[in-house]
Amino acid sequence: MNYYHEATSGILDLFTAHEIHTLLAARDLPSKSVSHSSVSREDAAAMDVAIAIGAQVSGSEEDAYLANGYFYRARQLAFDDMLMGQSLGTVRLFLLMSFYMLGACHRNAASMFLGVAARAAIVLDLHGPDGYSDSLPKEERDSRQRIWHSTRNLDVLSSFVLSRPKSLPVVRCLPNTIESADAKSAFHAIVGGCTLLEDIVDTLSKDNILHVPAAEDLLARLRQWSHGLPMALRQFRFRQAADSSSAVGTVDRQHLIGNIHVSCVYYFAVILVTRPYLIAYLTSRLHGKAPDHLISDPDEASDVNIKNNKVSKLAQVCVSSALHMVDMCQRAKAAGLAFGNLCLLKAWIFGAGLVLGFSMFAGEPRRDIETIFDNTLDLLNDIGRTSPQARLYHQILTSFSEAVTRFRHRVAGEVRRTVQHYMDQILVIDPPVDVTTAAAGARHGVYDGWEDEWAAGAIMGLDAGCNALDPVSDGTKGAQTLLQLAGFRDQSEWDEIDVSLAEGLFPDTEPFDQLFYTVE
């Protein structure tokens, strides 16, 4: 159960400590005694799925076999006349099965199970004030609210991963039964974060274009939410683990992963708001011009002045959000936190990697981008030991990185050919080279003497060898989708690139968004 609590920390709050103790104790009873116990079949099945999720996180072959066994037994119970009568146990069971399917990379099944949980929650009136009548015992009211918020958290957060509409209606006000101590938890923080995510999606869907004032207002609301987080969620200090063989204690792991989930919700929300501006800005860099239609004074439309433009600033916010997300996870890994199969975290890391990869491709000069992008690959490779989905994400970003390298070689070749047409290099001096110097030269030798790789501004085309496929259909190469966003379609278009920058400002950038989804 420790692994289960890590995987769901901050996202789901479905069991009290007393419930866990009761359900685990009931499992140790003889089968005849269990049938006469107070534990319902739904609750027993829910505990089976919770154990399966914990085994899924650890990711070993033995644990995977164990996870499948527990899940299939629970699934059989779930469809054994349980849908004929809805209860809180129904919502909890199908919500857990959806979470398990997310970790198993079965997005369609996860969406179906989540839909059943959401519909059962609506039938039970968990979304309305009438479902929290004072006539109900406080324990039941608390349980209803925890299960409702858990369902809503997973519904909102997984909608971006599953590429599916949300299953629950927007609910603005419910009676608050949360104790003051619980109000400082990661779970309560993510409940508030999901409310903001719903508002962001609603704002993005209202208009065809996200205006700068609207984006700034959303960012201000996100910042206000983040400033309201308790210090326990904003700073973490490791304590010496009781078990010397473990780098991080069990309690610390659960606390830290919950904090990471909260931070990732914030960073992902910032990326969601600012991503259209990143696409517009980087596309303008690829075209060698500023997005003139976004600047009030046409005379200001130069590559220098765009640096001070709000579109450019929001683009930098998007990149910085991705950098902070990956750097946070890398620091946790360096401190000894071994990431298991955390279904939402790997998708968020992959999304941040896409932002950084696209920035690298467009020649964004920030030198920290490539370092953090390499950290993204390192994190996904680490998570990939327990998750096939993370391995797929790693393959996609690796393919994209290789495409960026080939693109830069082509740019370097174009620069050399342009210069050689007008001048000769008449003296080459070869100083003594030691191993260290040779290694440094290898790192900086891509441009053969050009200190600033993009100083010439000669973005002329793309290596013909870069034919990566759509990751949704191919599953191994994802560079081409992002390259198409920059206006590169085929070799015939390399010399005449003319793509409307307005397209980059529309929230519905489907080819780019598809890379954020899981691949079944």
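The values are calculated or read from the model by the stated rules, or taken from the named source; none is laboratory data. Everything numeric here is computed off the predicted structure, so don't read it as measured data. Quick reminder, even Gly has a Cβ in these numbers, built from the backbone with ideal geometry, and neighbours come from all protein chains shown.
How about region 120-139: which of its residues are without any contact (Cβ under 8 Å) to a residue 12 or more places away in the chain and either closer than 19 Å to residue 168 by Cβ or in a helix (DSSP H, G or I) (or both)?
125, 130, 139
For region 358-387, enumerate the residues that are among the hydroxyl-bearing types (Ser, Thr, Tyr) and part of a loop (DSSP other than H, G, I, E, B).
Correct list: 386, 387.
Considering each of 83, 77, 29, 12 in turn, give the residue that is surrounded by 13 or more Cβ atoms within 10 Å (Cβ to Cβ) and modelled with pLDDT of 85 or more.
Of the residues listed, the single one that is surrounded by 13 or more Cβ atoms within 10 Å (Cβ to Cβ) and modelled with pLDDT of 85 or more is 12.
Of 63, 80, which residue is charged (D, E, K, R) and not in a helix (DSSP H, G or I)?
Exactly one of 63, 80 is charged (D, E, K, R) and not in a helix (DSSP H, G or I), namely 80.
Of all the residues that make up region 41-84, how many are closer than 16 Å to residue 110 by Cα, touching a residue at least 40 places away in the same chain (Cβ under 8 Å) and aliphatic (A, V, I, L, M)?
Adding up the residues that qualify gives 5.
What are the residues in region 98-142 that are among the hydroxyl-bearing types (Ser, Thr, Tyr) and either surrounded by fewer than 18 Cβ atoms within 10 Å (Cβ to Cβ) or at pLDDT 90 or above (or both), if any?
The answer is 98, 100, 111, 133, 135.
Which condition from (1) farther than 24 Å from residue 279 by Cβ; (2) among the hydroxyl-bearing types (Ser, Thr, Tyr); (3) within 16 Å of the chain's Cα centre (by Cα) is the one that residue 393 breaks?
(1)
Considering every residue within region 372-385, establish whether at least one is buried (at least 21 other Cβ atoms within 10 Å of the Cβ), among the hydrophobic types (A, V, I, L, M, F, W, C), within 13 Å of the chain's Cα centre (by Cα) and more than 20 Å from residue 262 (Cβ to Cβ).
The answer is yes, given that some residue of region 372-385 is buried (at least 21 other Cβ atoms within 10 Å of the Cβ), among the hydrophobic types (A, V, I, L, M, F, W, C), within 13 Å of the chain's Cα centre (by Cα) and more than 20 Å from residue 262 (Cβ to Cβ).
When you scan region 276-289, do you find a residue that is assigned to a loop (DSSP other than H, G, I, E, B) and modelled with pLDDT under 90, even just one?
The answer is yes, given that some residue of region 276-289 is assigned to a loop (DSSP other than H, G, I, E, B) and modelled with pLDDT under 90.
Take the conditions among the β-branched types (Val, Ile, Thr), under 22 Å from residue 162 (Cβ atoms), buried (at least 18 other Cβ atoms within 10 Å of the Cβ) and modelled with pLDDT of 90 or more and apply them to residue 57. Does it pass?
No: the conditions fail for residue 57.
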